[in-house]
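Read-outs throughout are calculated quantities, based only on the coordinates presented, and are distinct from any laboratory measurement. Please read these numbers as outputs of a predicted model, since none were measured by experiment. Here the Cβ positions follow ideal geometry from the backbone for every residue, glycine too, while neighbour counts run over all protein chains shown.
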């Protein structure tokens, strides 16, 4: 059960810590026990532990000790049109730690046409330099061709990436067609990857944006008007369909609306392997702010899919999170300054998209779901860390307090109340979309890699200590079911006699109904050689007609073949 | 029910002059049957001018009145003028003494089989419309229903049909046939003659056929070809849908012409058949927007063509080449997905959407859910999906399996027909088509080595009415009025033919069926009118069928004998903006107008970006819309302001990317607030 990451952690070898008198809360149970950790790994759990002398002891006083949060969706230091988001890996992971999140998973976004591996290396470099907590990476697949396939292969096998995001929106840029999605999903399903999807119908959005601009709506309200939640739900529905066709586990990033969440619930009820990720913003606030008179405020809420203007959305999403229909929470933390947002001051389609949320995530869920009685503390742990760790195949190294797990712990204070404001937050952004919100529940002590980073309200982070945590393919959480289904779902042909009756004359020159497949598919399969040879033995006159691609006998077109309605006479029945 | 029925029977024994006053007395306010809650509630809705006619009784011959007393149990002789007493009669046909026999046709000696001058009187039947059932006689002249009511004053020597208490229903309207759809140079074996003959034999008196141009064809030319062929051959009235095989500018002009001059108000779009008919979401959006302006009904063939192409390739690669590959490559999920997408598009454009060929439970459920949310969407299951299932694709007999090939395919789930009937009965699905497109085995064999080449289409135009009756009405799922609604009235409403078609009322076309709910027949290809060798309902027993069919006021089918006449069918032009679909849409149009927020000008710092278009994330609008770079007129003022203050921004240009703008979290300092 022990995880050897020792070559990466020489700096913290001497760290020994004992947490006494805490209540350990995992996703399955809560119990009182002491925790002893050494070298960044939990060594012992239990009462009356035998520990070496001189160990630093933290008195938990019966408070909850939970696994550190995993924010499965961030965009730190993301390049955008020559600029980058204001929170780089140092700033962003600092904010994460301040909020009780001890691991982040960032999205690598290669430009369409660029190498995925190069982009991955770039992100690794940025993160290794600056990250204050452990991190992992998703890679976004922004275009699709054979070289991308090879790169994906090596990312999965050698680079420790198991989840890849594809886009159904951003027409002519990131967007993929249904066929491409099918191919990506098939590819990932064969290699144990998780398909993440940005689900919005880009085609219709493009049309709606054009219409909106035509009617003279150029402010941030145009963003939400041109991206109604139906389009999100439609895309989720389509993605679920494609995923279930290809036996690929699906992960819907940024569930922002009730209707999209409903589609996910329904799909799960029908047995689809699909995970939904609401983000801090969709769980904590709504899209009414897009109509704010203050342009800068309205613009700071711009993200895609947009926040739903329906004010009951956060409550609804929290409920689904509590019931398990939505599985994980991210923040989609992607912060731009007002000056950067102002790129789109005359055209909402140019506003850089992204909201904050990495710091507020844990407290917000606690406040909205646990203190309101929707969710228990174990489910809280599940949605903030355990499920994410399972999907990333990092469980039980992360997302659990157990012997051998990483010493990423949070002592959670259920009673502290604080007010969110951009003045005191750790992000570099001027705006906070949760401005003025009062949240109950906050981390009291945060331990990352066995070191105390937050204590008594003081944050002590070290830039660059964050390690890259490689994720392996085929996470059981997603793939156990898929594997079993694949074994069952073997399609078989019906063994039949050859149809040796007459065949109507036809020409392929005219665009026939299903001829598309004939064009795209290689019609001569090895299996069918037998049939074909049998057919030619039957001595039918071979068609000299050039338009017929297959050798078929010529008959007068309207000729009626008189056969009994069972048609048995011209079939060699095997049964 | 039974009490009431007995009471009425006793009343029949009474002298006719006593029967009237009792039945119209004030104490009779109670339910007399399933279809009318309150007696007289529907009085005077069809004005019966004959009740006002002077000397009405004198016109009647003693012979006819006596026969009426026997056959029409509710003969209201004693009523006063103005008391139109239709409705609220229990069915006398349930009683033993009113034995069922073939419909009798009484004609005077010197009249032809269809009466003099096309004059006909149907006596003693129970008229069943979609809203109610009532006993009345129907008088027909010149192919139109002239009078509906009791004790009609009709000219002498009129041919009389005795309905003997049977149901008189509006002739069926089959909204989906493909009688001329070419496939790789061959035509379906049922052309307009053969197909409409089959329709009439099944109680369907009007068809709406799909004009299917190939990509690149002129819609108008193809439409005219269809119309010409149908005018020559059709035995019943018909209208046409036009399929749009691809979307471009030329199509728009033709569509406008078709709607305004040719009387076409419905067009089909395809989400399947990749690289042939399939349209992208963007094209669908444009097509929806355009057709909505024209007031047309958008028909959608809903299947995800991209995924089908992929699945077909996969399945062929696995070596599956038989007809079972067809449903395997077109799982019902893909149908449901496309239906969902089509409805989403319809909602965005605010345009009514009509889903042709609802074949699976999940697609039907998607429609149901959308209707619950207020979408204007109609669903059309077809005979095949209502009566059989897709298990036959696995038949060992290739020809049999191939006969079932249609798109979307029949669902292999055997509970599908039942589910679809339930949704029809509750109104979640509205119309029943047949998608009749019969290819011979010879033609189906084009795809003998590759299921993707099998021509798609099943029969069903003849069996349509019978199966809905058998599976829905005879099973108690649906009442007879809903039966009329789904087989004719709703179709007439959706396609703007109502009340000319789909209703028995004065002024409507005389397309009438006398329905026999008890006739049982076994479907077999040997006895069918269609020219196909196969009948996919082979061997199924079907209860209920037409006893007599009138088309344009002529008897075309009677007691199993068909007297259809080629070329008598008329083309019915249809006007755009059918109320049934567009009333809500028009209202929503007015309510839903979007407005921008009036704000102060943002005059703060702006990050300077390279105008390289390839970096723009939401670039599509910039490319597709001409307006994105030229701000609309309203913003001109803002722009001029901006350029004045822009100088400051330029000064700051070499700012670092991480530069923090110090502003209070309200950002008020750099916004000119108007609010």
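When the residues of the stretch A:271-294 are filtered to those that are out of contact with any strand residue (DSSP E or B) (no Cβ under 8 Å at 6 or more places or on another chain) and assigned to a loop (DSSP other than H, G, I, E, B), which remaining residue is surrounded by the most Cβ atoms within 10 Å (Cβ to Cβ)?
A:285
Among (1) free of Cβ contacts under 8 Å to residues at least 60 places away in the same chain; (2) in a loop (DSSP other than H, G, I, E, B); (3) in contact with a strand residue (DSSP E or B) (Cβ under 6 Å, 6 or more places away or on another chain), there is one condition residue B:503 misses while meeting the rest; what is its number?
(1)
Consider residue A:297 carefully, then state whether it is surrounded by fewer than 24 Cβ atoms within 10 Å (Cβ to Cβ) and free of Cβ contacts under 8 Å to residues at least 24 places away in the same chain.
no
Kindly establish whether residue A:55 is away from chain B (no Cβ under 14 Å), crowded, with 20+ Cβ neighbours inside 10 Å and farther than 18 Å from residue A:336 by Cβ.
In short, no.
Does the stretch B:342-354 include one or more residues that are more than 10 Å from every other protein chain (Cβ to nearest Cβ), farther than 25 Å from residue A:227 by Cβ and either under 21 Å from the mean Cα position of the chain (by Cα) or crowded, with 24+ Cβ neighbours inside 10 Å (or both)?
yes
When you scan the stretch B:378-456 for helices (runs of 4 or more DSSP H) that lie fully inside it, which ones turn up with 2 or more residues that are in contact with a strand residue (DSSP E or B) (Cβ under 8 Å, 6 or more places away or on another chain) and under 29 Å from residue A:503 (Cα atoms)? Full working, then the answer.
Numbers: elements: B:383-387, B:398-403, B:416-426, B:441-444.
Those helices (runs of 4 or more DSSP H) span B:383-387, B:398-403.
If we keep just the residues of the stretch A:178-207 that are assigned to a helix (DSSP H, G or I), farther than 30 Å from residue A:159 by Cβ and at the interface with chain B (Cβ under 7 Å from one of its Cβ atoms), which is farthest from the chain's Cα centre (by Cα)?
A:207
Taking residue A:195, is it in contact with a helix residue (DSSP H, G or I) (Cβ under 7 Å, 6 or more places away or on another chain) and either over 16 Å from residue A:138 (Cα atoms) or free of Cβ contacts under 8 Å to residues at least 40 places away in the same chain (or both)? First the steps, then the outcome.
Details: in contact with a helix residue (DSSP H, G or I) (Cβ under 7 Å, 6 or more places away or on another chain): yes; either over 16 Å from residue A:138 (Cα atoms) or free of Cβ contacts under 8 Å to residues at least 40 places away in the same chain (or both): no.
Taking the combined requirement at face value, the residue does not satisfy it.
Among the numbered conditions (1) in contact (Cβ under 8 Å) with a residue 24 or more places away in the chain; (2) buried (at least 24 other Cβ atoms within 10 Å of the Cβ), tell me where residue B:263 comes up short.
Of (1) in contact (Cβ under 8 Å) with a residue 24 or more places away in the chain; (2) buried (at least 24 other Cβ atoms within 10 Å of the Cβ), only one is false for residue B:263: (2).
Of the residues in the stretch A:463-477, how many are within 20 Å of residue A:96 (Cα to Cα) and in a loop (DSSP other than H, G, I, E, B)?
Total satisfying the criteria: 7.
Given the conditions (1) crowded, with 24+ Cβ neighbours inside 10 Å; (2) more than 14 Å from chain B (Cβ to nearest Cβ), report the number of the one that residue A:341 does not fulfil.
Against the list (1) crowded, with 24+ Cβ neighbours inside 10 Å; (2) more than 14 Å from chain B (Cβ to nearest Cβ), residue A:341 comes up short only on (2).
Among the residues of the stretch A:450-470, which ones are touching a strand residue (DSSP E or B) at 6+ places or on another chain (Cβ under 7 Å) and either within 24 Å of residue A:136 (Cβ to Cβ) or within 14 Å of chain B (Cβ to nearest Cβ) (or both)?
A:450, A:452, A:453, A:454, A:459, A:460, A:461, A:466, A:467, A:468, A:469
Given the conditions (1) on the phi < 0 side of the Ramachandran plot; (2) within 7 Å of another protein chain (Cβ to nearest Cβ), report the number of the one that residue B:319 does not fulfil.
Unmet condition: (1).
Could you tell me which of the residues B:533, B:538 is within 14 Å of chain A (Cβ to nearest Cβ), assigned to a loop (DSSP other than H, G, I, E, B) and without any contact (Cβ under 8 Å) to a residue 24 or more places away in the chain? Before the answer, list the steps.
Details: B:533 fails: without any contact (Cβ under 8 Å) to a residue 24 or more places away in the chain.
Residue meeting the stated conditions: B:538.
So, in the stretch A:68-97, exactly how many residues are over 21 Å from the mean Cα position of the chain (by Cα), assigned to a strand (DSSP E or B) and under 13 Å from residue A:134 (Cβ atoms)?
Looking only at that region, the number is 0.
Is it the case that the stretch A:228-248 has a residue that's under 29 Å from residue A:297 (Cα atoms), in contact (Cβ under 8 Å) with a residue 24 or more places away in the chain, surrounded by fewer than 24 Cβ atoms within 10 Å (Cβ to Cβ) and more than 7 Å from chain B (Cβ to nearest Cβ)?
yes
Being within 14 Å of chain A (Cβ to nearest Cβ) and outside any strand (DSSP E or B) is true for just one of B:181, B:197. Which residue is that?
None of the other options fit; the residue is B:181.
Restricting attention to the stretch A:482-504, and to residues there that are farther than 19 Å from residue B:444 by Cα and either in a loop (DSSP other than H, G, I, E, B) or in contact with a strand residue (DSSP E or B) (Cβ under 7 Å, 6 or more places away or on another chain) (or both), which single residue is nearest to the other protein chains (Cβ to nearest Cβ)?
Our first condition is that a residue be farther than 19 Å from residue B:444 by Cα; within the stretch A:482-504, this holds for A:482-492.
From what is left, the residues that are either in a loop (DSSP other than H, G, I, E, B) or in contact with a strand residue (DSSP E or B) (Cβ under 7 Å, 6 or more places away or on another chain) (or both) are A:489-492.
Working: A:489: 10, A:490: 9, A:491: 6, A:492: 8 Å.
Here the answer is A:491.
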